[in-house]
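First up is the structure itself, then whatever we jot down about it.
The values are calculated or read from the model by the stated rules, or taken from the named source; none is laboratory data. This structure is a prediction, so every number in the text was calculated from the model and none was measured. All Cβ positions, even for glycine, are placed from backbone atoms using ideal geometry, and neighbour counts span all protein chains on display.
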Amino acid sequence: MTPAIVTRMRERPEGRVARITLAQSGPLNVLGLGLMEDLAAALRDLAGDEALRAVVLAGEGARAFIGGADLAELAEADRAMAQDFAVRLQGVCQAIRTLPVPVIARLQGWTIGAGLELACACDLRIAASGALFAMPELRMGLPCVTGAALLPGLIGWGRTRRLLLTGEPIDAATALAWGLVEEVVEEAELERALERLVGEILAGAPGAVRRQKALMRQWEDLLPAERAAPGLAAFAACWDGPEPRQRLRAVLAGAQDAAARVRTSR
Ligand SMILES: C/C=C/C(=O)SCCNC(=O)CCNC(=O)[C@H](O)C(C)(C)COP(=O)(O)OP(=O)(O)OC[C@H]1O[C@@H](n2cnc3c(N)ncnc32)[C@H](O)[C@@H]1OP(=O)(O)O
């Protein structure tokens, strides 16, 4: 039987990239308690890896990133088990958000319900042109209560209400236009586009990228008026290490291979 979670490490010249593939039994990678426990453990293992630069979160196969919560499991749940489900889902969303390095969701086929909540917790979302998205929880008698709270920050309150209240699926082009995903490419181009995106992240100075991710999470969690203080502190703290001076001097020296140059790997 395929293990539920496979983590593969790849060493690129600029640093280490992990890829977590979710593979619940069945073609749609549905999210049950066991898969969430395994995902939480995989994220915990990665959190302490100082050499890690980025993580890709993917679903096994082309039919789905995640086809939502495991409905067979939830149909038999009592109050305590349902609460456990919601707490674990919130836990993995937070583990993705608090992982020190950027996490990119690779979206192909269906991304539904709890799967879309996980995708919202990622830093970036890249989708194949045939991808489809839906939040049909209300049709199952369930409100969306965890990662869905991140939706208004991505797509605004009106579109969040539309997704949640209607349960109607949207296609990849609509998801891109709404800001639910940041990039859509043809299916055959997905791996190449993902590589390019990872490459652009790896061009950033490692310490600064980690600092930026943490800061953006704080910004999301704070009220607008509270956002300035941690930004000012993070900017000052950068100067405790060598990154800004090294990179700035390289740019000023006109070094052709300086990673800090504004350039594109396309
Ligand atoms: C708190 C969070 C809550 C939520 O996440 S609520 C949302 C839960 N998810 C859903 O409501 C999606 C339900 N699934 C579907 O609507 C359809 O599937 C799809 C549109 C995603 C895909 O349709 P198609 O390509 O025709 O596949 P297929 O034949 O329906 O499914 C293949 C096998 O997968 C099982 N399955 C599908 N989704 C789930 C699920 N979410 N939980 C458990 N099993 C699921 C099916 O029953 C079937 O199984 P078999 O091959 O044995 O007939």
Checklist entry - Could you say whether any residue in the stretch 179-187 is in contact with an Asp or Glu (Cβ under 8 Å, 6 or more places away or on another chain) and either in a helix (DSSP H, G or I) or closer than 30 Å to Arg227 by Cβ (or both)? => result no
Checklist entry - Does the stretch 143-194 hold any residues that are among the polar types (S, T, N, Q) and within 16 Å of the ligand (Cβ to nearest atom), and which are they? => result Thr146, Thr160, Thr166
Checklist entry - Name the pairs: first residue in the stretch 198-219 and more than 13 Å from Leu99 (Cβ to Cβ), second residue surrounded by fewer than 17 Cβ atoms within 10 Å (Cβ to Cβ) and hydroxyl-bearing (Ser, Thr, Tyr), Cβ to Cβ under 8 Å, at least 6 apart or on different chains? => result Gly199/Ser265; Glu200/Thr264; Glu200/Ser265; Ala203/Ser265
Checklist outcome for this item: Over the stretch 180-196, the set of residues among the small types (Gly, Ala, Ser) and surrounded by 14 or more Cβ atoms within 10 Å (Cβ to Cβ) is Ala193
Checklist entry - Exactly one of (1) more than 15 Å from the ligand (Cβ to nearest atom); (2) within 17 Å of the chain's Cα centre (by Cα) is unmet by Asn29. Its number? => result (1)
Item to check | Which numbered condition Val92 fails, given (1) crowded, with 22+ Cβ neighbours inside 10 Å; (2) without any contact (Cβ under 8 Å) to a residue 24 or more places away in the chain; (3) aliphatic (A, V, I, L, M) | outcome: (2)
Item to check | Top-ranked residue of the stretch 134-173 - restricted to ones that are more than 27 Å from Met36 (Cβ to Cβ) and in contact with a strand residue (DSSP E or B) (Cβ under 8 Å, 6 or more places away or on another chain), ranked as surrounded by the most Cβ atoms within 10 Å (Cβ to Cβ) | outcome: Asp171
Checklist entry - Does Ala40 satisfy the criteria of being away from the ligand (no atom under 15 Å from the Cβ), surrounded by fewer than 20 Cβ atoms within 10 Å (Cβ to Cβ), at pLDDT 95 or above and of a type in the set (Gly, Ala, Ser)? => result yes
Checklist entry - Could you say whether any residue in the stretch 26-41 is in a strand (DSSP E or B) and under 18 Å from Gly141 (Cβ atoms)? => result yes
Next on the checklist: With touching a helix residue (DSSP H, G or I) at 6+ places or on another chain (Cβ under 9 Å) and small (Gly, Ala, Ser) as the only criterion, which of Gly68, Gly61, Gly109 stands out?
Outcome noted: Gly68
Checklist entry - Do we have any residue at all in the stretch 131-141 that's of a type in the set (Lys, Arg) and either within 16 Å of the ligand (Cβ to nearest atom) or assigned by TED's automatic domain parsing to the domain that holds Leu215 (or both)? => result yes
Checklist entry - Arg16 passes all but one of (1) in a strand (DSSP E or B); (2) touching a helix residue (DSSP H, G or I) at 6+ places or on another chain (Cβ under 8 Å); (3) of a type outside the set (Gly, Ala, Ser); which number fails? => result (2)
Checklist entry - Are any of the residues in the stretch 95-113 surrounded by 19 or more Cβ atoms within 10 Å (Cβ to Cβ), near the ligand (Cβ under 9 Å from one of its atoms), in a helix (DSSP H, G or I) and not charged (D, E, K, R)? => result no
Checklist outcome for this item: Within the stretch 7-31, residues being of a type in the set (Lys, Arg) and surrounded by fewer than 17 Cβ atoms within 10 Å (Cβ to Cβ) number 3
Item to check | Only listed residue being within 23 Å of Leu222 (Cβ to Cβ), among the aliphatic types (A, V, I, L, M) and without any contact (Cβ under 8 Å) to a residue 40 or more places away in the chain, chosen from Ala75, Ala121 | outcome: Ala121
